[in-house]
């Protein structure tokens with residue numbers, strides 16, 4: 001008798017808004033603890049740029065609030081755990097009660113969109129670019145970007161303090177491009 005070959009498919013899980021990350025982390029740890037299985041989750045986000053109090057702010061926004069996407073070959077085990085987690089509702093199912101499998105092309109589009117957003121944020125500033133500091137003790141100073149860490153929202157800038165170059169770490173919100 002041939003064993004049924006299970007493949008990892010993508011599924012959608014309905015959760016409470018603003019709890020997507022914590023619930024996905026809880027599900028991941030519970031799957032590892034209870035079943036010894038690794039489950040991959042995707043929470044698509046996009047960067048929203050806006051101006052607040054005269055400064056540029058880039059905020060990450062969840063594209064599908066209230067939903068997380070799960071890649072697993074054991075959706076029944078995931079669905080069982082979902083029922084026990086406060087804030088998690090259920091795995092989306094069709095009219096017959098079968099978990100809905102997402103197409104890989106749909107997931108690929110979400111992943112590409114997330115990478116494009118990250119690239120847009122990274123390209124907002126480049127190394128060796130001269131910028132103006134708009135917040136903190138160095139406000140109105142000009143400096144040169146040394147490095148950018150988008151994940152931590154940090155940028156290292158070299159400024160002249162008392163005629164000597166000094167490196168300061170700022171957030172991306174603390175600097176602006178110089179418009180000349």
Report the gain in length on full extension from residue 7 to residue 25: 0.36 nm times residue separation, minus Cα-Cα distance, nm rounded to one decimal. 4.3 nm
Checked the stretch 130-177 against the a/c 1.5 cut and the a/b vs b/c comparison, axes a ≥ b ≥ c from its Cα gyration tensor; verdict prolate
In nm, the gap between the two label points placed 7 Å beyond Cα toward Cβ at residue 167 and residue 89 is 4.9
Most to least packed among 153-163, 61-71 [average Cβ atoms within 10 Å]: 61-71, 153-163
Expected sort for 132-145, 92-105 on mean C-beta neighbours within 10 Å, highest first, is 132-145, 92-105
Note the full-extension length gain between residue 40 and residue 126 as 0.36 nm times their separation in residues minus their Cα-Cα distance, in nm to one decimal. 27.7 nm
I'd like to compare 72-80, 30-38: which one has the highest average count of other Cβ atoms within 10 Å, and what's the full order after that? 72-80, 30-38
Label zone at residue 60, where the point sits 7 Å out along the Cα-to-Cβ direction: the stretch 7-48 residues whose backbone N lies under 11 Å: 21, 43-47
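Each reported figure results from applying straightforward, stated rules to the coordinates on display, with no laboratory input. In this text the structure is predicted, and so the values were computed from the model without any measurement. Cβ sites come from the backbone with ideal geometry, for glycine too, and all protein chains shown count toward neighbours.
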